[in-house]
Amino acid sequence: MRKPLNKAKMACNRPQKSPNPAKKRVVKACANGQEKIIHYGATGYGNNYSAAARKSFKARHKCSSASNKLTARYWACKDLWAGPKGSKTSCPKGRKCKKWKRKRNH
């Protein structure tokens, strides 16, 4: 069961764990005088498996142009897939994940 969010008590632009079981994170996004509650990150997937996976995600979601704080894309790029200092969640149990290893030439 979800715990209700109190928008008034949430700090602006501070991601936290989402009470929604289908999402990883929630943030009260504040920009240009607007406030919006944004849930992002599917719980069925891990993230930041490797540098190659981060690079692929950032290209696929155009993270370099994500500048609107009122979108889930901005927060996924900034928080979940941020890089070495971002989240390091490993692959979920029961899911086969790619191992990004360099092939050696013999």
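The values are calculated or read from the model by the stated rules, or taken from the named source; none is laboratory data. Quick caveat, the model's predicted, so the values are computed rather than measured. For neighbour counting, all protein chains shown are included, and Cβ atoms are generated from backbone atoms with ideal geometry for every residue, glycine included.
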Long-range neighbours under 8 Å by Cβ, at least six apart or interchain, first residue part of a helix (DSSP H, G or I) within segment 63-91, second modelled with pLDDT under 70 and among the polar types (S, T, N, Q): Asp79/Ser87; Leu80/Asn47; Leu80/Asn48; Leu80/Ser87
Only listed residue being surrounded by 10 or more Cβ atoms within 10 Å (Cβ to Cβ), at pLDDT below 80 and of a type in the set (Phe, Trp, Tyr), chosen from Tyr49, Tyr40: Tyr49
Residue in segment 28-37 that is within 17 Å of Trp81 (Cβ to Cβ) and β-branched (Val, Ile, Thr) present: no
Contacts under 8 angstrom Cβ, first residue in segment 12-27 being over 11 Å from Trp75 (Cα atoms), partner among the acidic types (Asp, Glu) and assigned to a strand (DSSP E or B), 6 or more apart: Cys12/Glu35
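Just give me the residues in segment 15-26 being assigned to a loop (DSSP other than H, G, I, E, B) and surrounded by 10 or more Cβ atoms within 10 Å (Cβ to Cβ), in sequence order.
Once the filter is applied, which keeps residues that are assigned to a loop (DSSP other than H, G, I, E, B) and surrounded by 10 or more Cβ atoms within 10 Å (Cβ to Cβ), segment 15-26 yields Pro15, Ser18, Pro19, Asn20, Ala22.
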Which numbered condition Arg54 misses (of (1) surrounded by 14 or more Cβ atoms within 10 Å (Cβ to Cβ); (2) modelled with pLDDT of 90 or more; (3) among the charged types (D, E, K, R)): (2)
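Quick check on segment 57-88: of everything there that is hydroxyl-bearing (Ser, Thr, Tyr) and at pLDDT 85 or above, which residue is farthest from Gly33 (Cα to Cα)?
Keep residues of segment 57-88 that are hydroxyl-bearing (Ser, Thr, Tyr), which gives 64-65, 67, 71, 74, 87.
Okay, now just the ones that are also at pLDDT 85 or above, so 64-65, 67, 71, 74.
Numbers: Ser64: 24, Ser65: 21, Ser67: 16, Thr71: 15, Tyr74: 18 Å.
For segment 57-88, the residue satisfying everything is Ser64.
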